[in-house]
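The values are calculated or read from the model by the stated rules, or taken from the named source; none is laboratory data. Not measured: the values here are computed from a predicted model. All Cβ positions, glycine included, derive from the backbone under ideal geometry; neighbour counts span all protein chains shown. The accessibility values were calculated without ligands, DNA or RNA, using every heavy atom of the protein model including side chains. Shrake-Rupley method; radii C 1.70, N 1.55, O 1.52, S 1.80 Å.
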Amino acid sequence: MELNWQEMIFEFLGGLGLFLFAIKYMGDGLQKAAGDRLRDILDRFTTNPFMGVLVGIFVTVLIQSSSGTTVITVGLVSAGFMTLRQAIGVIMGANIGTTVTAFIIGINVGEYAYPIMALGAVLLFFFKKSKIQNIGQVLFGFSGLFIGLELMSSGMKPLRDWPAFIDLTLNMSDSPILGVIVGAIFTLIVQSSSATVGILQGLYAENLISLHGALPVLFGDNIGTTITTILASLGASVAARRAAATHVLFNVVGSIIFLLVLGLFTNYMEWVTGILGLEPKMQIAFAHGTFNVVNTLIQLPLIGVWAYVVTKLIPGEDTIVEYKPKYLDYSLITKSPGIALGQAKQEVVRMGDFSVQGLSSAMDYLKTLDVKQASTAAQLEEAINNLDQKTTDYLVSLSKQSLSGTNSHIHHALLENIRDIERVGDHVENLIELIDYKESNRIKLSQEATQELEEMFKLVIDTVKIAMQALDTRDVSLAQQVRSQEERIDEMERSLRKHHIRRLNEGICSGSAGVVFADIISNLERIGDHANNIADTIFEQD
């Protein structure tokens, strides 16, 4: 039989493209419908590994991507929101959550796909309410899954009579390891285990592969999906790389266990199919679900072991920016408001240290253009915002207690200090954006301009550092030093503007370089103002 390769490949690739778009579109719709609270859910409820598994399942069902969940988890570990042990639980849960797509595909609603898509389109285009549009997006994506699968299946149908393909599937039945490799490589290429499991369901439903040959491919799909997590962890923190390594180990070990009992597992699936009367597609979905649930049950008690193994495999100290408050204890508010106020001050000083670190990262980014510095500055800004919210809430709760006159002054000053430190964080964010803009538009600053910026950066960093020491120790002489340095910053800004105009007139700097230069020194000058505001509160308390 002569195969029409072009028609087959085009139909298969078109179906695959539609499937991948539909699953992402549906996941985005579900995520929007749930609100942007996924990080909160992951952060708040992963109190122990078992809860981590449940949260992993829930979030993966919401966003329809185990890779998406593990990438978010890697980010949270990197940010210090989650420990490695908690992350391992979430990753295990994500593997179970991703099987839901296979069960959706197993339910034969393909014949209703087109009317569902039409309904989704109506909700998307004829309603202005975002909630209704989100439902439309989910329905549109949901129906797209089946239309994409139908296209892929019809593209693959002619393969049933192609001798080379028949040989390959027979070899996969005889050599399970070949099946694992095929599954892993295909998922690695497609970047979606849901898509490759969907394709496998189509092949099995068309009798193009036996159950004994299909199961190892299923195990390989689970190994292949870990590549996305690995990519997400490249260049990330040590803890993030450890979380990604756990994902790989979890799926590889699970596949080895199931390969060793493949005959038993095949018999079990045939027995379950007979009892429940499962359709072929649902058989694969059930096998996928069983694999991930049993694998999690086997390995859940080993979380401590895996955490130890990956720590040994990937050594190194981690530079984690801890987003969570360290010093805020709500029980102290009623028991000892004075001590509670001292704890709040410690948290504000910690915020201030983050702003100094962020400024240093921005200066290093300007000098080296190392994206890690920009990433660190972004993390620090997020940590400052989080501590701003948590410490303000704590101080508001504390204001309900009766405070002495001095403590009342300190309480008021801390609220002002928080606002100033948060604004410093915002200016650091602006500086990073300006450096990004300079690079993306290939704007070159003259050597003289770069040197001047470096000098101003150093002076501003030193001023903010002294302001934080003054805040910590309530030292008036340090506060006085901040005032005099802030005057120097103002003078420097005026002087650098004149230099900058001279360079523009002499054609040493371009107009666009001049704009970036002026914006950077303006942000630095404003940071100096905020450091001065912090120093002023020390004089008021004295």
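Within the range 412-450, report the trypsin sites (Lys or Arg not before Pro) that DSSP leaves as loop and that have at most 16 other Cβ atoms within 10 Å. Don't skip to the end; give the middle numbers.
On the way: sites: Arg419, Arg423, Lys438, Arg442, Lys444; in loops: Arg442, Lys444.
Of the trypsin sites (Lys or Arg not before Pro), the ones in loops of the range 412-450 whose Cβ has at most 16 other Cβ atoms within 10 Å are Arg442, Lys444.
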With a ≥ b ≥ c from the Cα gyration tensor eigenvalues, square-rooted, and the rule rounded for a/c under 1.5, otherwise prolate when a/b > b/c and oblate otherwise, the range 451-495 is oblate
State the percentage of accessible surface on the chain attributable to carbon and sulfur atoms; use a 1.4 Å probe and exclude ligands, DNA and RNA. 59
Between helix 5-34 and the chain: long-axis angle, C-alpha atoms, 0 to 90°, nearest 10: 50
Read phi for every residue in the range 412-420 and hand back ³J(HN,Hα) as whole Hz from Karplus 6.51 cos²θ - 1.76 cosθ + 1.60, θ = phi - 60°, with x for Gly and Pro. 5, 5, 4, 4, 5, 4, 4, 4, 5
Could you state the angle between the C-alpha long axis of helix 84-97 and the longest principal axis of the C-alpha atoms of the chain, as a value from 0 to 90 degrees rounded to the nearest 10? 40
Using the Cα gyration tensor of the range 286-421, with a ≥ b ≥ c the square roots of its eigenvalues, what is the shape: rounded (a/c below 1.5), prolate (a/b larger than b/c) or oblate (neither)? oblate
The chain: longest stretch without exposed GluC sites (Glu not before Pro) (DSSP loop, at most 16 other Cβ within 10 Å), sites themselves excluded? 323-542
Length-normalised contact order of the chain, Cα under 8 Å, at least 6 apart, in percent, tallies to 13
Express in Å², to the nearest 10, the accessible area of Trp271 obtained by rolling a 1.4 Å probe over the protein heavy atoms while all chains stay in place. 150
Sort 93-102, 16-25, 241-250 by the packing proxy (mean of other Cβ within 10 Å over each peptide's residues), most packed first. 93-102, 241-250, 16-25
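Tell me, what is the per residue accessible area of the chain in Å², probe radius 1.4 Å?
Details: 24340 Å² over 542 residues.
Accessible area per residue: 45 Å².
Place a +1 charge on the Cβ of each Lys and Arg in the chain and a -1 charge on the Cβ of each Asp and Glu, then give the dipole magnitude about the Cα centre in debye, rounded to the nearest 20. Could the numbers behind the result be given before it?
On the way: 40 positive and 55 negative charges, 158 e Å.
Its charge dipole is roughly 760 debye.
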From DSSP H assignment alone, runs of 4+ in the chain each adding -39500 (n - 2.57), the sum over residues rounded to the nearest 500 puts [θ] at 222 nm at -28500 deg cm²/dmol
Per DSSP, the loop-located trypsin sites (Lys or Arg not before Pro) within the range 96-150 having at most 11 other beta carbons within 10 Å are Lys128, Lys129
Between the helical axis of 193-205 and the dominant principal axis of the chain, each derived from Cα atoms, what acute angle in degrees is found, rounded to the nearest 10? 10
When only the heavy atoms of the protein chains count and the probe is 1.4 Å, how do Asp393, Asp490, Asp221 rank by accessible area, highest first? Asp393, Asp490, Asp221
